[in-house]
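In what follows, a single structure is set out as structure tokens and then discussed.
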Amino acid sequence: MAALAAAGGPDCARFVGGCVRNALIGAPIDDIDIATLLTPDAVVAALKAAGLRSVPTGIEHGTVTGLSEHQPFEITTLRRDVSTDGRRATVAFTTDWAEDAGRRDFRLNALYADADGVILDPTGLGYDDALAGRIVFVGEPEGRIREDYLRILRFYRFYAWYGRGEPDAAAVAACAALAEGVEQLSAERVSKELLKLLAAPDPRHAVRLMDEAGVLGRVLGQPGDLTLFEAMTDLSGDAVLRLSTLLPDDPACVGEIARGLRLSNAQRDRQVEAVSGTATTVLSEPQARAIIYRDGRQAFEDRVMRAWAAGGDAKVSRRLLALAQAWSRPSLPVGGRDLARLGLKPGPETGRVLKAFEAGWIADDFPDHGHEERLRALLPPA
């Protein structure tokens with residue numbers, strides 16, 4: 001802030017958005033954004049003069065990332081929208097703080113603070129909204145949404161994280177009226193916003209609102225059943241696991257939805273594994289270890305959590321989850337060299353014998369002895 005002030009004066013830069021909002025309400029701060037009267041070129045020059053690095057992360061939209069002691073600060077020149085198409089905007093720079101605030105999504109996100117903590121609230125209501133937990137669009141809701149349909153999902157996300165009491169009626173109505181707009185958004189933007197929403201401490205009310213507005217069905221490609229999701233929310237804060245409870249209990253269908261959302265490979269595979277196979281809360285410990293060995297600890301834990309949320313016994317579920325955490329998956333104790341030492345020539349028969357050995361070893365709950373005898377019994381006749 002001192003570097004920017006040296007170039008443009010004490011009032012040329014202010015913190016903006018989430019960092020100001022969260023500071024006001026005592027919530028953790030992740031990202032620090034700064035709005036400035038300086039143009040991007042002037043920002044780069046000011047940082048360089050102060051011995052700070054800069055990265056042109058979005059310079060065509062007025063954004064430069066400054067780095068100080070490895071901490072990134074996203075610095076954006078004040079802007080106004082020239083045109084929008086529901087996905088992206090063409091912007092022009094401005095020196096009017098109210099004009100910059102007018103293009104932001106919600107009043108509690110249109111707050112600015114100088115380096116001394118003095119608040120600027122151009123809408124006149126953002127400060128009160130932040131303290132009261134009101135998620136209200138800047139200006140007319142439908143107009144804000146038509147500028148960028150992602151704001152529909154952002155409304156539900158911010159309501160899940162910061163909303164208190166009943167949601168703003170005008171915002172709810174606008175999101176429902178323009179719900180089909182979310183289908184214009186890239187899958188990556190949708191899934192990122194959805195997972196942020198589901199990571200909220202209790203996103204149930206927000207997700208119910210999404211469902212009632214028809215937004216959830218458009219995002220997932222089909223209506224969701226909230227019963228399992230609502231129960232899972234009490235058990236886990238894991239956004240990926242919560243998402244799995246909004247999807248059908250069908251691995252092929254889940255895989256198709258996950259691919260449509262452009263989830264990462266790991267997230268997609270986890271969604272599919274969560275509804276594959278069987279892992280109820282009625283398992284013996286050897287059966288549990290067999291599933292963990294074959295499908296992995298994460299898949300086993302997700303299936304147990306889903307079974308628990310569906311009404312499984314809490315005590316048994318906790319015991320199985322504790323087992324999964326405590327048990328280390330062993331490696332297959334024999335290999336091709338052991339068979340060669342016993343006289344079996346390398347070839348297809350090696351794979352058959354090892355597969356049969358592994359099946360018996362798993363069925364006997366992974367004994368750590370008697371491996372040679374078991375192998376000999378599986379060898380073909382001489």
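The values are calculated or read from the model by the stated rules, or taken from the named source; none is laboratory data. Because the structure is predicted, anything quoted here is derived from the model rather than measured. So basically every Cβ, Gly included, is an ideal-geometry build from the backbone, and we count neighbours across all protein chains shown. Side chains are part of the model used for accessible areas, which takes the heavy atoms of the whole protein and leaves out ligands, DNA and RNA. Shrake-Rupley method; radii C 1.70, N 1.55, O 1.52, S 1.80 Å.
A search for C-beta distances below 7 Å between a residue of the stretch 162-181 that is touching a residue at least 60 places away in the same chain (Cβ under 8 Å) and any residue that is outside any helix (DSSP H, G or I), counting only pairs 6+ apart in sequence or on different chains, returns Tyr162/Gly133; Tyr162/Ile135; Gly181/Gly86; Gly181/Tyr149. Against the numbered list (1) surrounded by 15 or more Cβ atoms within 10 Å (Cβ to Cβ); (2) outside any helix (DSSP H, G or I), Leu197 comes up short only at (2).
Comparison of Gly58, Gly62 shows that the only residue that is in contact with a Lys or Arg (Cβ under 7 Å, 6 or more places away or on another chain) and farther than 14 Å from Ala115 by Cβ is Gly62. Applying the condition of being open to solvent by 40 Å² or more (accessible area, probe 1.4 Å) and among the small types (Gly, Ala, Ser) to the stretch 228-268 and asking which residue is nearest to Asp202 (Cα to Cα) yields Gly237. Asp41 meets the conditions (1) closer than 18 Å to Leu4 by Cβ; (2) in contact (Cβ under 8 Å) with a residue 24 or more places away in the chain; (3) open to solvent by 40 Å² or more (accessible area, probe 1.4 Å); (4) of a type outside the set (Gly, Ala, Ser) in every case but one. The failed one is (2).
Residue count for the stretch 28-49 under the criterion of being in contact with a Gly (Cβ under 9 Å, 6 or more places away or on another chain) and within 17 Å of Gly9 (Cβ to Cβ): the result is 10. Restricted to the stretch 286-310, and to residues there that are more than 22 Å from the chain's Cα centre (by Cα) and touching a residue at least 40 places away in the same chain (Cβ under 8 Å), the residue that is surrounded by the most Cβ atoms within 10 Å (Cβ to Cβ) is Trp308.
Has the stretch 121-142 got any residue that is without any contact (Cβ under 8 Å) to a residue 40 or more places away in the chain and basic (Lys, Arg)? Checked against the condition, which is being without any contact (Cβ under 8 Å) to a residue 40 or more places away in the chain and basic (Lys, Arg), the stretch 121-142 yields at least one hit. Taken together, Lys345, Lys355 contain a single residue that is basic (Lys, Arg), under 26 Å from Ile291 (Cα atoms) and open to solvent by 40 Å² or more (accessible area, probe 1.4 Å), which is Lys355. Would the stretch 225-240 turn up any residue that is assigned to a loop (DSSP other than H, G, I, E, B) and at pLDDT below 95? Taking every residue of the stretch 225-240 in turn, at least one turns out to be assigned to a loop (DSSP other than H, G, I, E, B) and at pLDDT below 95.
When the stretch 113-136 is filtered for residues that are open to solvent by 20 Å² or more (accessible area, probe 1.4 Å) and not in a loop (DSSP other than H, G, I, E, B), the ones remaining, listed by number, are Ile119, Leu120, Tyr127, Asp128, Leu131, Ala132. Quick one: Asp100 ticks every box in (1) outside any loop (DSSP other than H, G, I, E, B); (2) under 24 Å from Arg164 (Cβ atoms); (3) among the charged types (D, E, K, R) except a single one, so which number is it? The failed condition is (2).
Taking every residue in the stretch 360-382 that is open to solvent by less than 50 Å² (accessible area, probe 1.4 Å) and pairing it with any residue that is of a type outside the set (A, V, I, L, M, F, W, C) and part of a helix (DSSP H, G or I), at least 6 positions away or on another chain, the pairs with Cβ-Cβ distances below 7 Å are Gly360/Arg374; Ile362/Tyr293; Asp365/Pro286; Asp365/Arg289; Phe366/Arg289; Leu375/Asp338.
Per-residue answers, yes or no, for (1) in contact with a Leu (Cβ under 9 Å, 6 or more places away or on another chain); (2) closer than 25 Å to Ala23 by Cβ:
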{"site": "Gly66", "(1), (2)": "yes, yes"}
{"site": "Pro72", "(1), (2)": "no, yes"}
{"site": "Thr77", "(1), (2)": "yes, yes"}
{"site": "Ala101", "(1), (2)": "yes, yes"}
{"site": "Asp114", "(1), (2)": "yes, yes"}
{"site": "Pro122", "(1), (2)": "yes, yes"}
{"site": "Gly143", "(1), (2)": "no, no"}
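Residue check: is Arg157 open to solvent by 20 Å² or more (accessible area, probe 1.4 Å), modelled with pLDDT of 95 or more and not in a loop (DSSP other than H, G, I, E, B)? For Arg157, the condition - open to solvent by 20 Å² or more (accessible area, probe 1.4 Å), modelled with pLDDT of 95 or more and not in a loop (DSSP other than H, G, I, E, B) - is met.
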